[in-house]
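Accompanying notes for the structure given below.
Here, each number is a calculation from the coordinates, and none is a lab measurement. Keep in mind that this is a model prediction, so the values were computed, not measured. In this analysis, Cβ positions are derived from the backbone assuming ideal geometry, glycine residues included, and neighbour counts consider all displayed protein chains.
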């Protein structure tokens, strides 16, 4: 059966591709029906992903393969190569290897509906049958058509005799690059990670989760316990299972984060670097480009393969973060396509907030994923103040996760572990005492055994540690810190001094700067480090030469805390100066280290440098989309600049205010709008006091937190309005980019105020000024602000379309693709109003494709909101409900009041069309009470009351809005909803005065659709006008409106609205009762009833029953 698709069959010359799974019968007999079916599903998933990516149309499933049609021969060949490479990646780690053969031919087959017949089909299928597993055979005709376009090589084959054909077919084999070998197990998960005893129950639980992940169910689990309890060792044990059929990745967080998203960067870097250039270029170029900023090595590879990266196109923080998060998710998806992925995130109690947010994003991804994420953390160090602590509840709500708490080993296990370390005598003599002292903590057990060995209480005999029966009287020190201290005491004084300095440098340190700080040659320092490695105090980093890390945080903390505060401050300064003198090494790590160490030394007179590096580190963190880290850096800059102000340094206050502005921007980017506005307000106060106009203007724009207007918020901020007005007065009337932006921002903020004329004037002034400045970026923003500020019935949709075309052109000039996306959204709104649904569909397709490519989060809701509106328009209520619910689930991290109102509007519309409004009146009243400055919500309440039979309540609600010809309903973007709902209410509580006023208001837009932008279509204005004309007894005008409306809804396939218009038209005809009206009314009512029964419009069916 052909795969369901919305595309029509490929016309004319078609390139046909056939595939076949080689050895499927043998596979079935070898592994059984159920397992074989799983392999087949995996096989088809790989093939269909390639078909979708290359724009092919699946014609039919052949049981063990696919028949696919392509309009482009080059795309067909590329698809064949993609298929083989995907299968190759799958085979690297899958339990059952697949073997696929592919055949291609081009021609003009006979088309029968969505299938093809004729000689081209026969040739393509027979070429597939002639191929071997892993081979692609194409006819020479395909090679001629493709030429060098696909960048592929071909091997000539002897002409192939094909059954049923009189002449042999000239053919060639397509050469494709195989994928690299599998990644080795990460060092931290390797078998030598330490002895492993028991944990049988925990291993079984985690292996069961792994099995679910292999089947396509994303899994999340946390292993929890005190330091040294064996969390990482347990993860390493599971990795031994994973390596047979999957890919194991590992990353960890450090106490002092120097790299944003550290565990994910550590985990994904080796995978990305293992991929061949062609895979990076063809499959991960876009996603890799977003990730490359975090991984210089990947950036170099991509630059070599695809050229220098394009400049960023958007200042929107949610966009930048979403792009990065989606790119990370896409890379995991890519890995999981080849084999299920086991991702270990170690020491998550130290994870920074960006890391936790990324984890939550991956878990929330709606895509199925063969992924098992196993995190470890110390519950003693995860409180509400830690990022992970605050996120655990959200993670449990979003995605059920398993939590495994590790307790100490039993006495028997400790004895067994001791026996593994030494011999039976050692286990018998020492094991029980060890358990009593360490409570079964594996790390403490190991540390105590090392202490006993170093103290001579146990001795080495024939390669194993042992104890004499008389050694039972040895003294075990109290607590592991004392164990660590005693072991450190056995190092030479020089080695301990060097390692103490290394402890101040951080959890990880490098040889060269350490040698500079201790003022010894590298050879002497290396001797001390070798001693530390031998004592297992430190270990060499597996990622770089001359880099080390402490073997356990407790060891580093013991060394660190032995030093006085004064000595540590001076040492931080020496470390900072040593790092500053370096010219090699990753700049991001150096910046963070310099900011940290100079910051710790600020009280020693280094406030200026501390501020400089904190500001630079903050700016770099913003570039890396690590907004929370940027907040901490800018906070540090503000604090150290307070010291500079106290010292009387010149310009310190202006510099501190710059740091405040940067801090506010970073806080906004994290989504903490309240904190950002507080910071920007403080910056504005300082700017006012010091007379710094530029800082005042930027503080005002910052306080606005984005472009504002409809789509961003549903309320006006009076504090922001006052601040923008102060800034405008301060900057003066001269045309500048800053003034143009202030004008546009003030115009949008006035959207939810009665000052319609003022906001229009401000928007026009902003556009005029931007044109004079001849700055495409400023003009684009000004035009967007103008459209946002003037959205409503007085802005003709044709003019809006013209403005959108200009914005798209400006986006191309400025390189800001975000502007084009804004313009496409506005175009969809205008096209819906014009009733050009086909053009709106195409615009939505273009917008969605661009938004997906750019990872724009604010359009996530649009990706589903518009299809939900289209499903409502077509009468597919089940699909509309599914899409509306999915919008809420996907948009939850970006949830705004606008999202709530749009979702609420779609829910009300859906319930109305289904005849299920009963019980919704309280929800609608709550909206009206919550947003009193949006009277359209009160009009909606009147409509719902009328529809549910509370006619007195409806009449009172309409009466409250009716004075001054319904002047209470502002002529903004929601005006249409207010008018439409009032018409619906007045149809049930007829009042000629109200109908007259509403008719006059709607008449100017008679040729338009009633809609809430692209979020909700409510039929032609002609239906509303016809309904009002019936109330007024103006039957001729009403009939004309209904005829026009029915033509529109039938043209676009708006079946529910055809039924509604037909019903209202039937009512009019029966009231008019002219000759022929009754017969036409019966016909209209019959049509309405048939549609309502088919779609499930219970409310309309009830109304129709009244007029039978």
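Taking each residue as 0.36 nm, the span from residue 646 to residue 950 lengthens on full extension beyond its C-alpha to C-alpha distance by 102.5 nm. In plain terms, the residue of 828, 837 with the fewest other Cβ atoms within 10 Å comes first and the most crowded comes last, giving 837, 828.
Order of 760, 253, 523 from fewest to most other C-beta atoms within 10 Å?
Details: 760 18, 253 28, 523 8.
Neighbour counts put them in this order, fewest first: 523, 760, 253.
What FRET efficiency comes out for residue 217 versus residue 540 if R0 is 45 angstrom and r is the Cβ-Cβ distance? Round to the nearest 0.05. Before the final figure, lay out each step's value.
Numbers: r = 38 Å, r/R0 = 0.85.
The calculated FRET efficiency here is 0.75.
Dividing the convex hull volume of the alpha carbon atoms of segment 856-1106 by its residue count gives 118 Å³ per residue.
If you look at the Cα atoms of segment 25-158, you get an Rg and a Dmax of 15.2, 44 Å. If the segment from residue 850 to residue 1003 were pulled out straight at 0.36 nm per residue, it would be longer than the present Cα-Cα gap by 51.4 nm.
May I ask you to give the average projected area over all directions of the convex hull of the Cα atoms of segment 565-667, in nm² rounded to one decimal? Intermediate results must be reported in sequence, preceding the final value.
Numbers: hull surface 25.6 nm².
The number I arrive at for segment 565-667 is 6.4 nm².
Computed from the Cβ-Cβ distance with R0 of 25 Å, the FRET efficiency linking residue 61 to residue 175 stands at 0.35. Placing a label point 7 Å from the Cα of residue 1071 along the Cα-to-Cβ direction, the residues of segment 1027-1049 with a backbone N closer than 17 Å are 1027-1043. Scoring 779-785, 692-698 by mean Cβ neighbours within 10 Å over their residues and listing the highest first yields 779-785, 692-698.
With the simple spin-label model, which puts each label point 7 Å out from Cα in the Cβ direction, the residue 993 to residue 492 separation comes to 10.3 nm.
State the antiparallel share, in %, of DSSP beta bridges confined to segment 14-175, rounding to the nearest 5. Before the final figure, lay out each step's value.
Values: 27 of 30 bridges.
The answer is about 90 percent antiparallel.
Ordered by the number of other Cβ atoms lying within 10 Å of each residue's own Cβ, fewest first, 943, 877 fall into the sequence 877, 943. Taking 7 Å steps out from each Cα toward its Cβ at residue 736 and residue 485 produces label points 6.2 nm apart.
Order 22-29, 923-930 from most to least packed using the mean count of other Cβ atoms within 10 Å.
On the way: 22-29: 14.5, 923-930: 16.4.
Going by the mean number of other Cβ atoms within 10 Å, highest first, we get 923-930, 22-29.
When you count the other C-beta atoms within 10 angstrom of each residue and take the mean per peptide, 259-272, 954-967, 289-302 line up highest first as 259-272, 289-302, 954-967.
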